[in-house]
Amino acid sequence: MGKDSIRVLAVASGGGHWEQLMLLRPTLAQYDIRFATTEPAVAAQHGIADVESLPDCNQNMPVRSALCALVALWVVLKHRPKVILSTGAAPGFFCILAGRLIGARTLWIDSVANGEELSMCGKLSKRFAHQCWTQWEHLAGPDRPRYFGAVL
Amino acid sequence: MIIVTVGMQLGFDRLIAAMDALAPSLGMPVIAQTGKGSYQPRNMEARVKIAPAEFEALMGEARLVVAHAGIGTVLTAARCAKPILLMPRRADLGEHRNDHQLATVGKLAGRPGILVAADESELEPRIAEGLALTDWSATRSPTAQQLHAALAAFIENRPL
């Protein structure tokens, strides 16, 4: 099976999370890549027109988080990716959770901005994603999170 | 053109004033996004806020970015393949809540396209180094190469 037949859903909220996903784009472009974000206008600026839109949310917005989880499930069911990865934040985590329901392999890459401790979603991903990576070597644990370099 | 940014959240007059003093000697236009600072620049174009789309366009034209050590700015510069010179905010001068920007520059110094000025006295020589950088954007840092390789391995379900 060729690389371009592996369907990958890559998810990032607007801002720094999205910047980091774009830095990984040269590698992601080898696969059947689909993107989802909370700021589709920024994705369009980067030449990604068919991006899936997710409502932004965080732990202080329970209703919006529930809505985001439903949209994330819809996006995952629509694309049926083999692999789901996110550079953050909560909407990406919901896509990873939804991915577990359809048997996708899931990867959380914690933001390079988290140099002191893992984000909350990062901590949850240690349990709920297949892999949880930090971008800071000193934050890597014996088991999780693991460290395999950084976007910078 | 050189673009200076301290983000939109907090002022950083120490960097803005130092860049204003250097601006006449740099031989090219300097545009600054000053955030909530109180210093009024005289020698460079200064704006409190620059909208993201315009900032992106300016970044595209810039030869060098001079900024506080905010990770968002570092990432944007990396995506636009622009060299960036970072000067960290200091908590003891009331420039931030804590010294995480000092930690950030400590960890990022030496990666391709990233230069560090510990304080304003180091700006001038570091700017000259930044403007002299050529072809670095083709060199992905060793840590970035490692991450790209691991990501490909994960996606293809190969051993990490």
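Throughout, read-outs are computed from the coordinates displayed, never taken from laboratory work. Keep in mind that what you see is a predicted model, and the values were worked out from it rather than measured. Please note: Cβ atoms are built from the backbone with ideal geometry, for glycine as well, and neighbour counts cover all protein chains shown.
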key: Neighbourhood charge, 13 Å Cβ-Cβ cut-off, centred on residue B:27 and excluding it, Lys, Arg +1 and Asp, Glu -1   = 0
request  = Check the straight Cα-Cα distances from residue A:78 and name the aspartates and glutamates below 18 Å, setting aside those fewer than 8 residues away within the same chain.
outcome  = A:32, A:50, A:52
key: DSSP loop GluC sites (Glu not before Pro) with at most 16 other Cβ within 10 Å excluded, longest remaining stretch of chain A   = A:1-115
query = Going by alpha carbons, how many degrees (0 to 90, nearest 10) lie between the helix axis of B:142-155 and the longest principal axis of chain B?
reply = 50 degrees
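Taking a ≥ b ≥ c as the square roots of the Cα gyration tensor eigenvalues, with a/c under 1.5 meaning rounded and otherwise prolate when a/b beats b/c, else oblate, which class fits region A:3-147?
Since a/c stays below 1.5, the shape of region A:3-147 is classed as rounded.
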key: Shape call, region B:68-160: gyration tensor on alpha carbons, a/c limit 1.5   = oblate
task = Determine the shape class of the protein assembly as shown: with a ≥ b ≥ c the square roots of the Cα gyration tensor eigenvalues, call it rounded for a/c under 1.5, and otherwise prolate if a/b is greater than b/c, oblate otherwise.
result = prolate
ask   = Label 7 Å along Cα→Cβ of residue B:121; region B:4-31 residues with amide nitrogen under 19 Å?
value = B:14-22
ask   = If you place +1 on the Cβ of every Lys and Arg, -1 on the Cβ of every Asp and Glu, and leave all else neutral, what size is the dipole of chain B about its Cα centre, to the nearest 20 Debye?
value = 380 debye
query = What's the exposure ranking of B:87, B:28, going from fewest to most Cβ atoms within 10 Å?
reply = B:28, B:87
Anchor residue B:82: lysines whose Cα lies under 26 Å away (excluding residues fewer than 8 positions away in-chain) = B:36, B:49, B:107
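Could you size up the charge dipole of the protein assembly as shown around its Cα centre, putting +1 on the beta carbon of Lys and Arg and -1 on that of Asp and Glu, and report it in debye to the nearest 20?
About 1160 debye.
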